Amino acid sequence: MEGTSIAAEDEVVRLCSELIRIDTTNTADPETWVGEAEAAEWVAAQLTEVGYEVERVESGAPKRENVFIRVPGADPGRDALLVHGHLDVVPADPSEWSVHPFSGAVQDGYVWGRGAVDMKDMVAMMIAIARQYRREGIVPPRDIVFAFLADEEAGGAYGAQWLVRNRPDLFTGCTEAVGEVGGFSLTLGEDKRVYLIESAEKGIAWMRLRARGRPGHGSFLHDDNAVTKVAEAVARLGNHTFPLTLHDTVREFLARMSELTGLEFPEDDLEGSLAKLGPLSRIVGATVRDTANPTMLKAGYKANVIPSSAEAVVDCRVLPGRQEAFLREVDELIGPDVTREWVTDLPPVETTFDGPLVDAMVAALQEEDPGSHAVPYMLSGGTDAKAFSELGMRCFGFSPLRLPPDLDFASLFHGIDERVPVDALKFGTRVLDRFLRSS
């Protein structure tokens, strides 16, 4: 029945708030990252309190800890389902926030803090539901592996990627997985809601550009300057527009949105028509082209010394099937005097939007929000699904939230004043519970 309360709903806000208070900042720098050990200990305590046997695993470096439980299902012969969430968060500057980013404040109808939507909200839902299942003796249809992971915000080298390569036994039997950045609502017109479920995501390729030149005095004429070479390559790359490429998932998303809204999305003015979707256009607009955004520069050590080398880092996001063509374009743009190497190279992920698991997601959403619609979309970023797809799992983003129509949800990811509505958190817990009981 719509809106039926469950025990997990009663404690999910507390769990989310307490977890946000644990600083798990991931700077991607071993000298400054905090690590997930304290959060992992807290998660393990919440689960052992109700009787679970918990496995804690350090993934390749001190303090990079992960927590696992397996909930036995009614049919042990069925393939298992992985439900995963990450414990780390990106940095936050308290001086920029209305509340302290690690306060976990519950006020004005929101839970505030770094990780509130990325993704300690989902982690809290997972814990709350697991605790309820144990307390009430609820047996899901099949085995569920709950995984609470490290290092997602830096690509998972000390988290999911390490675990897949070194401890694949933790995922034995798992053929499908659900994680973050999907299942959230978009309101269209008068109380018509669409829930976006991630079924594909772009590849991540963090690329380092490097140039060498002749060092010398800054006051001399100089025609072999490494800084100039890198700067010119970065400018060409950063100003380049890659070709419009509509992947099947994006085409399906646009077709469904056209049916629901009556809007047209012509290819000759796709960016302009996407703008009609409001803040969501930033996410969707980034999935119709490859992108290469310069993010870091490094060169020199003194104002009057021309250095012998210069470097830049570029954040590249590549559509499925575009990897070879993308690299050809990049090489043409940077030219022969600049070399490139991958800092991180994680492949695109994609699956079809069909099958019993998708049916269970859609049904769970409609049971809690009758008349709503679910549509697939491609994520412009990346998640730990990239690691789990290496084990052959079908991966989806399904962290359900019913959001206020006027909330700019996309801006909250890694943004200032990150927060999740209390009502959305409770709604998501009910939906996730329904989904897990029927999948």
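Throughout, read-outs are computed from the coordinates displayed, never taken from laboratory work. The model shown is predicted, which means the values in this text are computed figures rather than measured ones. FYI the Cβ positions are ideal-geometry reconstructions off the backbone, even for glycines, and counts take in every protein chain you see.
Just a few scattered comments:
- Dipole in debye (nearest 20) - the stretch 149-291, about Cα centre, beta carbon charges: Lys, Arg +1; Asp, Glu -1: 700 debye
- Shown is the FRET efficiency for Asp10 and Arg78, computed with R0 = 30 Å from the Cβ-Cβ distance and rounded to the nearest 0.05: 0.50.
- Nonlocal amide H pairs with Ser309, under 5 Å, H built at 1.01 Å: Gly213, Gly300
- Between the listed residues Gly182, Ala424, Val90, the Cα displaced farthest toward the positive end of the dipole of the chain, a dipole computed from Cβ unit charges relative to the Cα centre, is found at Val90.
- Of the GluC sites (Glu not before Pro) found in the stretch 13-52, those in coil by DSSP whose Cβ has at most 10 other Cβ atoms within 10 Å are Glu31.
- Ranked for footprinting exposure by Cβ neighbours inside 10 Å, fewest first, Asp248, Asp359 give Asp359, Asp248.
- Rg to Rh quotient for the stretch 1-86, alpha carbon positions, Kirkwood Rh: 1.04
- The longest part of the chain holding none of the exposed loop chymotrypsin sites (Phe, Trp or Tyr not before Pro), meaning those outside H, G, I, E and B in DSSP with at most 15 other Cβ atoms within 10 Å, is 1-219.
- Out-of-range pairs (alpha-carbon distance over 25 Å; input Lys63/Lys298; Lys276/Lys386; Lys229/Lys302; Lys120/Lys386; Lys120/Lys202; Lys202/Lys276): Lys63/Lys298; Lys276/Lys386
- Directionally averaged shadow of the stretch 92-182, computed from the convex hull of its alpha-carbon atoms, nm²: 8.3 nm²
- Nearest-20 debye value, the stretch 1-114 charge dipole, Cβ charges on Lys, Arg, Asp, Glu: 120 debye
- In a simple Cβ point-charge model (Lys, Arg +1; Asp, Glu -1; nothing else charged), the chain has a dipole of about 680 debye relative to its Cα centre.
- Selected from Pro76, Val330, Gly216, residue furthest toward positive end of dipole (the chain; charges at beta carbon): Gly216
- Positive contributions from Lys and Arg (+1) and negative ones from Asp and Glu (-1), summed over other residues with Cβ under 13 Å from the Cβ of His240, come out at -2.
- Each of Ala292, Val230, Tyr195 was placed along the dipole of the stretch 160-297 (beta-carbon charges, centred on the mean Cα), and the one lying farthest toward the positive end is Val230.
- Inter-part distance where the stretch 281-332 and the stretch 14-59 are each reduced to a Cα centre, Å: 33 Å
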